[in-house]
Amino acid sequence: MTHRCLAAEGLAAGYERGRHVLDGASLTVPAGRRLALLGANGSGKTTLLRCLSGSLEPAAGAVLLDGARLQHTRRGLRAHRQEVQLVLQDPDDQLFSASVAQDVSFGPLNLGLGEDAVRERVAEALALLAVDGLAARPTHQLSYGERKRVAIAGAVAMRPCVLLLDEPTAGLDPSAVTEALAALARLQATGTTVVMSTHDVDLALRWADEIAVVVDRRVVQGRPAEVLGDDALLARARLDRPWALTVGARLRALGLLPAGALPRDAAELLASLPARPGVPT
Ligand SMILES: Nc1ncnc2c1ncn2[C@@H]1O[C@H](COP(=O)(O)OP(=O)(O)O)[C@@H](O)[C@H]1O
Ligand SMILES: [Mg+2]
């Protein structure tokens, strides 16, 4: 799959006249990478994702795909949606067909593809999201985590180069989060750029290659350890510092961790601690 670079420049967007949720927001989604979009509740993450997908037209600024400005015409939006797909936070806003397979085939059918091509795309998307066993099931009988993965499969069947996921792990139990992240890893291996919004700083630290924080109607972007170690920024954004950076920095100050990158999660932290004879690892 060819990588396409999605970006936003100086976006202003909102829902009421004169009250912008975003104002001067710029963002570059690095092609082929994993970007976590962080922000407190109500900061504007969903609004930004909707602008990037074309479902909300900004009042000012531009969304760019490989430098070409998104045009909010029928043609412009249709072309954009073949490359950039948004999966809504609530799967029930997205799933409406009788069965899983029907739901996932909706987008490819709409593209005017032939029966065989649709079947191939549906099978591929269901397998990537590990919901192939559910193909014949009615969507309303599925668990919340299964419905979330089926909703993602529907977007994946469009073979977008950029997949925008609004809070894909919200409301999932830990094993469903693990399954969702494994599915995203398989997807990224196919060459898809993945953007995930979340307010979970610990998840963002361990998952993302790049972080963007929505704060004061703008976006601050950078490498995970840099952005998530910036206490002043985190306070402005009403986010906590990830526990792994706090504990890692303390252990380093105590001389228990070697120099280098701080651990991003429990496994990395344990692996970087010194071994002691007689203490099992
Ligand atoms: N459809 C809407 N109509 C009016 N206001 C909205 C709408 N959607 C969101 N908002 C408001 O815009 C702000 C940002 O919302 P949102 O982008 O959903 O934030 P987040 O996804 O970070 O929680 C909030 O103050 C929210 O109340
Ligand atoms: Mg939201």
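Would you tally the residues in region 36-76 being in contact (Cβ under 8 Å) with a residue 24 or more places away in the chain and within 16 Å of ligand 2 (Cβ to nearest atom)? So the count comes out to 19. Of the residues that sit in region 187-232 and are within 16 Å of ligand 1 (Cβ to nearest atom) and part of a helix (DSSP H, G or I), which one is farthest from the chain's Cα centre (by Cα)? Of everything passing the filter in region 187-232, VAL201 is farthest from the chain's Cα centre (by Cα). If you go through region 22-52 and keep only what is within 20 Å of ASP202 (Cα to Cα), within 16 Å of ligand 1 (Cβ to nearest atom) and among the basic types (Lys, Arg), you end up with just LYS45. Among the numbered conditions (1) hydrophobic (A, V, I, L, M, F, W, C); (2) under 30 Å from ARG186 (Cβ atoms); (3) within 14 Å of ligand 1 (Cβ to nearest atom); (4) surrounded by fewer than 20 Cβ atoms within 10 Å (Cβ to Cβ), the only one that ALA68 does not meet is (3).
The condition (being in a loop (DSSP other than H, G, I, E, B) and within 30 Å of PRO224 (Cα to Cα)) is satisfied by just one residue among GLN82, GLN71, GLN89: GLN89.
Taking each residue of region 109-134 that is under 11 Å from ALA157 (Cα atoms) and looking for partners that are of a type in the set (Lys, Arg) with beta-carbon atoms closer than 8 Å, six or more apart or interchain, yields ARG121/ARG159; LEU128/ARG186; LEU129/ARG149. Quick one: which of ASP166, ASP202 is modelled with pLDDT of 95 or more, crowded, with 21+ Cβ neighbours inside 10 Å and either more than 16 Å from PRO91 (Cα to Cα) or of a type in the set (D, E, K, R) (or both)? Exactly one of ASP166, ASP202 is modelled with pLDDT of 95 or more, crowded, with 21+ Cβ neighbours inside 10 Å and either more than 16 Å from PRO91 (Cα to Cα) or of a type in the set (D, E, K, R) (or both), namely ASP166.
The values are calculated or read from the model by the stated rules, or taken from the named source; none is laboratory data. Keep in mind that this is a model prediction, so the values were computed, not measured. Ideal geometry is used to build each Cβ from the backbone, glycine not excepted, and the neighbour counts take in all protein chains shown.
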